[in-house]
Amino acid sequence: MPPPATSVPAAAPGPARQPADPPLTARQAERRRRILRAATGLAARGGYEAVQMREVAEGAQVALGTLYRYFPSKVHLLVAVMLEQLQGLQEQVRRHPPAERDEASRVAETLTRAFHALQREPLLAEAMVRALSFADRSVSTEVDQVSIATGQLILDALGQPGPPTDSQRAAVRVIEHTWHSALVSWLSGRASIAEVRADLHTAARLLTLP
C-alpha cells in the first residue's frame, strides 16, 4: 500500500532566470570577430587609450551603433578581447600539453608560457588588465567568463583524466588570483618574469596538498 501523501510545503520559487541570448548567426559571428581583431590591433599598437570606439568601428567596417550593440563600452570590448586571448591559450595547451611530470610544474609552466605570450604584446596586456580593473557590475558576466577561462586553462594544464577534487578547485581559485595579481605586478614594473614564475610555482604547489 503506498504511503500517505505528506504535507511538506513546496519550496519557494527562486529568482526568475534571464533568458539566454540567442546564438549568433554566421554573419554576426564574423562581424564580432572583425570587431575583436580591430580592437586587438589598436590595443597592441597603443594600449588602452588607443582603443577608441569610433576607430574600432572603422577598422571593423561596421557602423558605430552596431559596435555598441555588440559591446556597450570599451571595457566590455577589451574584456572580450582578453577572453579571446585566454581561449587561444587554451587551444595551445590542448594541442601541446605541458611535458612536466608533476601537476604543479605543469600548471606553473603553462601560466609562465602565457606570461611570455603577453610579454610579446605588453600594450595589449596592459589594455586588457586595465579593462578588468575598470569593470563594474555591468560587465560582471564578461568578467566571470574570463575567470572561468582562466580556471579552465589551469585545469587543462593539470592534465587530470577525472574531475578535480574540492581541494583542487580551491587551489585553482588561488592560482587564478595569483596569476592575475602577478600580471598586474609585472605590467607595473614591480615584478620580473623570474619573480612571476617563482610565485606561480609556489601557488601551484597547493595542488599537491591533500
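The values are calculated or read from the model by the stated rules, or taken from the named source; none is laboratory data. In this text the structure is predicted, and so the values were computed from the model without any measurement. Reconstructed Cβ throughout: ideal geometry from the backbone, glycine too, with neighbour counts over all protein chains shown. Surface areas here come from the heavy atoms of the whole protein model, side chains and all, with no ligands, DNA or RNA. Shrake-Rupley method; radii C 1.70, N 1.55, O 1.52, S 1.80 Å.
State whether the residues of region 4-26 include one that is under 20 Å from the mean Cα position of the chain (by Cα) and either at pLDDT 95 or above or surrounded by 10 or more Cβ atoms within 10 Å (Cβ to Cβ) (or both).
No: region 4-26 contains no residue that is under 20 Å from the mean Cα position of the chain (by Cα) and either at pLDDT 95 or above or surrounded by 10 or more Cβ atoms within 10 Å (Cβ to Cβ) (or both).
Can you tell me which residues in region 183-202 are of a type outside the set (D, E, K, R) and in contact (Cβ under 8 Å) with a residue 60 or more places away in the chain?
Residues satisfying the conditions are Leu183, Trp186, Leu187, Ile193, Val196, Leu200, His201.
Return the residue satisfying two criteria in turn: it lies in region 149-198 and is among the basic types (Lys, Arg) and in a helix (DSSP H, G or I), and of such residues it is most open to solvent (accessible area, probe 1.4 Å).
Among them, the one singled out is Arg173.
Wholly within region 42-148, which helices (runs of 4 or more DSSP H) include no fewer than the required count, namely at least 3 residues that are modelled with pLDDT of 95 or more and surrounded by fewer than 17 Cβ atoms within 10 Å (Cβ to Cβ)?
Answer list for region 42-148: 53-60, 64-70.
What are the residue pairs meeting all of these: first residue in region 160-179, first residue under 17 Å from Ala108 (Cα atoms), second residue of a type in the set (A, V, I, L, M, F, W, C) and surrounded by fewer than 15 Cβ atoms within 10 Å (Cβ to Cβ), Cβ atoms under 9 Å, and 6 or more apart or on different chains?
Note: pairs meeting the criteria are Ala171/Leu209.
A quick yes/no check of all residues on (1) in contact with a Gly (Cβ under 7 Å, 6 or more places away or on another chain); (2) in contact (Cβ under 8 Å) with a residue 40 or more places away in the chain; (3) within 24 Å of Ala39 (Cβ to Cβ):
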{"residue": "Ala99", "(1), (2), (3)": "no, no, no"}
{"residue": "Thr112", "(1), (2), (3)": "no, yes, no"}
{"residue": "Ala131", "(1), (2), (3)": "no, yes, yes"}
{"residue": "Thr150", "(1), (2), (3)": "no, yes, yes"}
